[in-house]
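Only the coordinates and a few stated rules stand behind these numbers; no lab work does. Worth saying up front: this structure is predicted, and the values here are computed from it rather than measured. With ideal geometry, Cβ positions are generated from the backbone for all residues, glycine too; neighbour counts draw on all protein chains shown.
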Amino acid sequence: MAPAITITSEELRERVEEHLGHWIPDSLWKRSEPYARRKLDLCRERSPEIDYYNDEYLVLLTADTVRETAFSDYTLAACEALMAARGQ
C-alpha cells in the first residue's frame with residue numbers, strides 16, 4: 001500500500017519550483033496543485049497496491065501538471081489572438 005501523502009502545499013511548491021528551475025505564478029499554481037493532487041488520489045484509488053505513489057511522486061506529477069497547464073494557457077492565448085486578428 002502507498003504511504004500517506006504528508007507534503008504541505010508550501011513545501012510542494014518549493015520542491016516543484018526547484019525541480020522546474022523557476023518560480024511558478026500564483027494563478028498557475030492555484031489551478032495546478034489541486035489538479036495534481038486529485039490525479040494522484042485517482043491513481044491511488046485505482047491501483048492501491050502501488051507503493052511509489054508518495055510525496056516525491058506528487059512533486060514530479062505536479063511539475064508535469066504545471067507544465068501542461070502553462071502550455072494550455074499559452075495555446076489558448078495564441079488561439080484567441082489568432083481569432084481576434086481574423087475578425088478584423
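Quick rundown of the values:
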{"quantity": "Within a Gaussian network of the chain (alpha carbon springs, distance under 10 Å), most fluctuating of ALA78, ALA36, ALA63", "calculated": "ALA78"}
{"quantity": "Förster-model FRET efficiency, 41 Å R0, THR8 and ARG86, C-beta, rounded to 0.05", "calculated": "0.35"}
{"quantity": "Contour minus Cα-Cα distance for SER72 and MET1 (0.36 nm per residue)", "calculated": "22.2 nm"}
{"quantity": "Mean Cα-pair separation over length for the chain, i.e. relative contact order, pairs under 8 Å, 6 or more apart, %", "calculated": "42 percent"}
{"quantity": "Estimated inter-spin distance, LYS39 and SER27, nm [label 7 Å along Cα→Cβ]", "calculated": "2.1 nm"}
{"quantity": "Förster radius 22 Å - calculated FRET efficiency between GLU18 and ASP51 (Cβ-Cβ, nearest 0.05)", "calculated": "0.35"}
{"quantity": "The chain: calculated mean residue ellipticity at 222 nm from DSSP helix runs of at least 4, using -39500 (n - 2.57)", "calculated": "-26000 deg cm²/dmol"}
{"quantity": "For the chain, diffusion coefficient by Stokes-Einstein and Kirkwood Rh (Cα), 37 °C, 0.692 mPa s, µm²/s", "calculated": "229 µm²/s"}
{"quantity": "Point-charge dipole on Cβ atoms (K/R +1, D/E -1) for the chain, about Cα centre, debye to 20", "calculated": "440 debye"}
